[in-house]
Each structure stands twice: as structure tokens, then as C-alpha cells.
Amino acid sequence: MADNELELFLQEMVDVKRLRADVLSDINGEQQPTLAQLARRKAAETEPEYDANYLSMEYVDLVAPDEILAYKKDGVQEGVYKNLRLGKYQIDATLMLLGKNLTDARRSLFEFVADCHQRGIRTLLLHHGMGRDSKPHPAILKSYTFKWLQQIPEVLACHSAQKIHGSSAATYVLLQKNAEQKRENRERHQKR
């Protein structure tokens, strides 16, 4: 039976001719990239560079436009937090987020807090607005600002501002001491 199958195979292959070249080329002799190759090239060119900004643009719990924002990390003394929420600390730096889109506000807040912490600035005031008329949801920038502040390790506490500083359209922020300030503090309180 095997001989019979071989004969049938050879009969079918009688008019088959060997290819002259191992490589097939385009009729015009030009190699055009495939659609998949073009898509990969475009993705590689438009791929953003590494972004050190870890503030999330994911889901946010929405706050009401006139809601009072309040956040304090464990270990922050009640007296310190009370003075912050009452606006008793000198405001060393202010950031205006009002009118910015979320992407710009995220970048501005991240860079502002990092710069202030590096310089040793401890008390900040952020103007984010109330967002009563913001679309698609009211207070979207205020909601994200509150979320982002809780994600930043250097932020010890934050609270909606007093009326003279913008009320619920602004937020006080207390930053931890930077490495230099901590070193000076240790030296000052070290028993000798």
C-alpha cells in the first residue's frame, strides 16, 4: 500500500518546479513595512517617557462643592492639626489650580509640593475652587486635589481654609520637615 501512495504522490508532483531564490521580494524590489510594523513604530514614537509623578488619575470619590476637606496622618499632634485648620500658621507658599485641567493640575501640584518640601517650606495654601459648575461632575478638581494630597508622603495634614483664605475653595497643607530640617532639629534637642 505504501508503494501505491508514493506513486500517486509522484504523479501529482510531476509539474512542480523548484524556486530559483530562497527570498521572496516585492515585485518592485522595495520592502514596504506591514501595517503591524507601522502600528508598532507609531506606538513606540508616541510612548510617553517615564513619569515620576505617582499621583493617580484613576477613580476619585467625589466631594461636594462646599464640603470641608479634612485629612491628618497618624502621629500628627492634635494641637498642630488644630492650628492648621484654624489658619494660625504663616502661609509660606500658594498654588493656584483654579482654571487648570486635571492633567496640568496634577503636574503642578506634584512639582509644587516637591519643590516646597525640598526648600523646607512647611505650610501651603492651594486654591482649587469649589467647582459648582464644573463638568461632567461638580467639584471634580477639588475632589482630585484632596485625593492627591493624601497620596503624597510629605503631606502630614490638610484642611479646608478659613474664610479669609478662600473657605472651602482653598486648602491648607502641612508638609513634613525635609532631611536638613530634621537634622537641625535633632541637633537642637540633643542632650549634651
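What shape does region 41-192 take by its C-alpha gyration tensor, where a ≥ b ≥ c are the square roots of the eigenvalues and a/c under 1.5 counts as rounded, a/b above b/c as prolate, and the rest as oblate?
Since a/c reaches 1.5 but b/c is at least a/b, the shape of region 41-192 is classed as oblate.
What percent does the relative contact order of the chain come to when contacts are Cα pairs within less than 8 Å and at least six residues apart?
Relative contact order, the chain: 25 percent.
GLN181 to ASP133: extension gain in nm, 0.36 nm per residue of separation minus the Cα-Cα distance?
13.1 nm
What's the angle, to the nearest 10 degrees (0 to 90), between helix 179-189's Cα axis and the longest principal axis of the chain?
Here the helix axis deviates by roughly 30 degrees.
About its Cα centre, what dipole magnitude does the chain give when the only charges are +1 on Lys and Arg Cβ and -1 on Asp and Glu Cβ, stated in debye to the nearest 20?
2200 debye
Suppose R0 equals 22 Å. What FRET efficiency, 1/(1 + (r/R0)^6) with r the Cβ-Cβ distance, do MET57 and LEU98 give to the nearest 0.05?
FRET efficiency, MET57 to LEU98: 0.70.
Quote the FRET efficiency, to the nearest 0.05, computed for ARG18 versus THR46 with a Förster distance R0 of 41 Å and r equal to the Cβ-Cβ distance.
E between ARG18 and THR46, to the nearest 0.05, is 0.35.
How much mean residue ellipticity at 222 nm does the chain get from its helices, if each DSSP H run of length 4 or more adds -39500 (n - 2.57) and you divide by all residues, to the nearest 500 deg cm²/dmol?
-11500 deg cm²/dmol
What angle do you read, to the nearest 10 degrees and between 0 and 90, between the alpha-carbon axis of helix 102-119 and the longest principal axis of the chain?
Around 60 degrees separate the two axes.
Using r as the Cβ-Cβ distance of ARG188 and ASP74, and R0 as 25 Å, what FRET efficiency do you calculate, to the nearest 0.05?
My answer for the efficiency is 0.50.
Every number in this text was worked out from the coordinates using simple rules, so none of it is lab data. All figures in this text were calculated on a predicted structure; none of them were measured in a lab. Every residue, glycine as well, gets a Cβ built from its backbone with ideal geometry; the counts of neighbours run over all protein chains shown.
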